[in-house]
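Here is the structure we will look at.
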Amino acid sequence: MPATPPGALRIEEATLRVVGLPLVTPFTIATGTMTDKIFPLLTLRADGIEGHAEGVMDPLPDYLDESLVGSLDFVRTVLLPQILGRSFASPAELEPLLAPWRGFYMAKAMVEMAFWDLWAKSLGLPLKTLLGGTRAAVEVGVSLGIASVEQTVARAVDHHAQGYRRIKLKIKPGHDLALVRAVRQALPEAHLTVDANSSYTLADTGIFRALDGFGLDYIEQPLAWDDIHDHATLQGRIATPICLDECLRSAADTRKALQTDAARVVNIKVGRVGGHAEARRIHDVSAAFDVPVWCGGMLESGIGRAHNIHLATLPNFRKPGDTSSASRYFTRDIVQEKLEATGGLMPVPTGPGIGVTLDHDFLQTVTSQVERLRP
Ligand code: OSB
Ligand code: MG
């Protein structure tokens, strides 16, 4: 067995689970409805310490082009065998092993994020400190799934009254202007945004011009998931800032989008972009363009939610994120700590690493697969 260099962490074991949590409210977006959040949960072990992360890939490739089955197999057969039994002194030493593989951003993110948690715990520091963040709490809004206009108005008013600092409405063709008009009428002063999840084309420019009349903070991902160029064309035709989500998977993508004015706001999801290191580079390149970023979400359990919250403590997170209270999603979470916002502020978990701990008894009841991998 090779000796572990001082200060390095030798990855002795990995546990890969598939977990399913029923959602309190089914979540509908332009691409479909989710009733249960099904996700892979990875634990890396070294020196008696555990680091955790979840993958944000959906069972089927409908949000982006990664899927649970495809990515899980890649993690199991390629990424984990690459790192098991090897030693890493920092996430920067792990990254070169992941970087050469094309695509699989979500799979790589899960491995990288679990190592960040492990590393932070080995140093006895909160993850945010190692990422360079200082905030004790982060500003949050809510993302409301597609429902009837009446239901959405009621939910928007309710969440606004709870103090959420921005209300995001999911839209799709045929479910847009009347919805935004009704919510704007009910909440004349609120920070409102819409997210189309790639469901429109440039032929719909008229709808986006009409949305200019409602004072939205931004319009999230109106056009195709893989098309930065058309977003630049649309931005040239409308006044409301465009925010990109699906289109941005790297700092290079972000640089190209910002250079061509395809976006004036950036949604960062650490699980979408390959991990914390790349998320931070996206944060930095956006700051260089004086473009604000905010932290997106993928209905994560407490593990992914905690990672997101730590990341959102960095200074260029200048708009409220989607990391709202866990109780909005799940009746019971797989972590012991309650991740709950008050007055639109989500406290950053304290304690080493991501600052949350698994509720193993409950986790066992919602786990459909467990695999233990060793070198
Ligand atoms: O586009 O931001 C998105 C959820 C699943 C897939 C895509 C998106 C979302 C959300 C929910 O908007 C954000 C959250 O509350 O976690
Ligand atoms: Mg989005």
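The values are calculated or read from the model by the stated rules, or taken from the named source; none is laboratory data. Not measured: the values here are computed from a predicted model. With ideal geometry, Cβ positions are generated from the backbone for all residues, glycine too; neighbour counts draw on all protein chains shown. Just so you know, the surface numbers come from the protein's heavy atoms only, side chains and all, with ligands and any DNA or RNA stripped out. Shrake-Rupley method; radii C 1.70, N 1.55, O 1.52, S 1.80 Å.
Listed residues 174, 163; which is closer than 26 Å to residue 313 by Cβ and over 17 Å from the mean Cα position of the chain (by Cα)?
163
Conditions (1) surrounded by fewer than 24 Cβ atoms within 10 Å (Cβ to Cβ); (2) under 23 Å from residue 67 (Cβ atoms), marked per residue:
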residue	(1), (2)
262	no, no
265	yes, no
278	no, yes
283	no, no
292	yes, no
301	no, yes
304	no, yes
312	no, no
315	yes, no
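So which residues in region 243-252 are away from ligand 2 (no atom under 14 Å from the Cβ) and in contact (Cβ under 8 Å) with a residue 24 or more places away in the chain, if there are any at all?
250, 251
Does residue 303 fit the bill of being within 16 Å of residue 20 (Cα to Cα), in the same structural domain as residue 260 (by TED's automatic domain parsing) and outside any loop (DSSP other than H, G, I, E, B)?
In short, yes.
Could you grab the pairs with beta carbons closer than 6 Å, sequence gap of 6+ or different chains, first residue in region 318-329 and in a helix (DSSP H, G or I), second one away from ligand 2 (no atom under 16 Å from the Cβ) and of a type outside the set (D, E, K, R)?
Note: pairs meeting the criteria are 326/302; 326/339.
Among the candidates 226, 212, single out the residue that is assigned by TED's automatic domain parsing to the domain that holds residue 294, open to solvent by 40 Å² or more (accessible area, probe 1.4 Å) and under 24 Å from the mean Cα position of the chain (by Cα).
226
Of (1) away from ligand 1 (no atom under 15 Å from the Cβ); (2) under 20 Å from residue 295 (Cα atoms); (3) not in a loop (DSSP other than H, G, I, E, B), residue 266 satisfies all except one. Which?
(1)
Have a look at 240, 205 and point out the one that is under 28 Å from residue 183 (Cβ atoms) and away from ligand 2 (no atom under 16 Å from the Cβ).
Step by step, each of 240, 205 is checked, and only 205 is under 28 Å from residue 183 (Cβ atoms) and away from ligand 2 (no atom under 16 Å from the Cβ).
Kindly indicate whether residue 204 is touching a residue at least 12 places away in the same chain (Cβ under 8 Å), open to solvent by 30 Å² or more (accessible area, probe 1.4 Å) and touching a strand residue (DSSP E or B) at 6+ places or on another chain (Cβ under 8 Å).
no
Scan region 95-144 residue by residue and report those that are more than 16 Å from ligand 1 (Cβ to nearest atom), closer than 23 Å to residue 327 by Cβ and among the small types (Gly, Ala, Ser).
Once the filter is applied, which keeps residues that are more than 16 Å from ligand 1 (Cβ to nearest atom), closer than 23 Å to residue 327 by Cβ and among the small types (Gly, Ala, Ser), region 95-144 yields 136, 137.
Go over the candidates 131, 127, 123 one by one and state the one that is more than 16 Å from ligand 2 (Cβ to nearest atom), in contact (Cβ under 8 Å) with a residue 60 or more places away in the chain, open to solvent by 50 Å² or more (accessible area, probe 1.4 Å) and under 28 Å from residue 274 (Cβ atoms).
After applying the criteria, what remains is 123.
When the residues of region 197-226 are narrowed to those that are in contact with an Asp or Glu (Cβ under 7 Å, 6 or more places away or on another chain) and among the hydrophobic types (A, V, I, L, M, F, W, C), which ends up nearest to ligand 1 (Cβ to nearest atom)?
225
Take the conditions in contact (Cβ under 8 Å) with a residue 12 or more places away in the chain and assigned to a strand (DSSP E or B) and apply them to residue 143. Does it pass?
Criteria met by residue 143.
What's the number of the condition residue 5 fails, among (1) in contact with a strand residue (DSSP E or B) (Cβ under 8 Å, 6 or more places away or on another chain); (2) within 16 Å of ligand 2 (Cβ to nearest atom); (3) of a type outside the set (S, T, N, Q)?
Condition (2) is where residue 5 drops out.
Could you please find all residues in region 340-350 being more than 21 Å from the chain's Cα centre (by Cα) and surrounded by 15 or more Cβ atoms within 10 Å (Cβ to Cβ)?
Scanning region 340-350 gives no hits.
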